[in-house]
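Take a look at the structure set out below.
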Amino acid sequence: SIPGIGAIGATALAAMVPNPHGFASGRHFAASLGLTPKPHSSGGKERLGRISRQGNAMLRRLLVLGATSRLRYARRCPEAADWATRLLARRPFKVAAVALANKMARIAWALLARGGTYTTTATA
C-alpha cells in the first residue's frame, strides 16, 4: 500500500528481508540497501558524496524505479504530492528519486518491523 512500491517490490522486500528486527532503525535499513550518501568528512566539515551502492542491488533498483514513477506523477499533479514537488524544486530529478527511494525504504522497514498498514499523511 506504500506509493511507489508495487506488488513486485513488496514481494521482493518480504522475501529478501527475512528479519527486519536485525536493523536498529529505518536509517540503518536504507543504508544497508545503499540508499544513503557516502560521507567524505574531514576537519569538522561534513561532505556527502554519491550513494554507497552497497547491499542488494535489485531491491535498490526496484525502490529507485518506484520513486521515479512517483516523481513523474508529482510533475503531472503537483498538488497531489507536496513533499515530492518541493523536493523537485530544489534538487535534480535523479537525486530526488534516490531521496524518495530512501524515504520509501524507511517506511517499508517500519511496516515490516512493527506491522500495520500504510496510511497517507499530508507530508507524504
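Mean silhouette area of the stretch 1-71, derived from the convex hull of its C-alpha atoms and averaged over all directions, reads 5.8 nm². For the stretch 63-71, putting each phi into the Karplus relation 6.51 cos²θ - 1.76 cosθ + 1.60 with θ = phi - 60° gives couplings of 5, 5, 5, x, 5, 4, 5, 5, 6 Hz, in residue order, rounded to whole numbers and with x for Gly and Pro.
In whole Hz, what ³J(HN,Hα) sequence does the stretch 11-28 give by Karplus (6.51, -1.76, 1.60; θ = phi - 60°), x for Gly and Pro? So the J values, rounded to whole Hz, are 5, 5, 4, 5, 7, 9, 10, x, 10, x, 6, x, 10, 5, 7, x, 5, 5.
Taken over the stretch 23-119, the percentage of Cα pairs per 5 Å bin, counting from 0 up to the bin with the maximum distance, is 2, 13, 20, 21, 20, 14, 7, 2, 0. Every Cα-Cα pair of the stretch 53-98 was included, and the share exceeding 18 Å stands at 29 percent.
As a length-normalised measure over Cα pairs under 8 Å and 6 or more apart, the relative contact order of the chain settles at 32 percent.
With a sphere of radius 13 Å drawn around the Cβ of residue 89, what net charge do the other residues whose Cβ falls strictly inside it have (Lys, Arg +1; Asp, Glu -1)? Once all neighbours under 13 Å are counted, the net charge is +3. Dividing the summed helix terms, -39500 (n - 2.57) for each DSSP H run of n ≥ 4, by the number of residues in the chain produces a 222 nm estimate of -17500 deg cm²/dmol to the nearest 500.
Considering every alpha-carbon pair of the stretch 76-124, the percent of pairs per 5 Å bin, from zero through the bin containing the longest distance, is 5, 19, 23, 25, 15, 9, 4. Taking the average, over residues, of other Cβ atoms within 10 Å as the packing measure, peptides 110-119, 27-36, 83-92 rank 27-36, 83-92, 110-119 from highest down.
Here, each number is a calculation from the coordinates, and none is a lab measurement. Nothing here was measured: the structure is a model prediction, and the numbers come from that model. Virtual Cβ from ideal backbone geometry, glycine too; neighbours counted across all protein chains shown.
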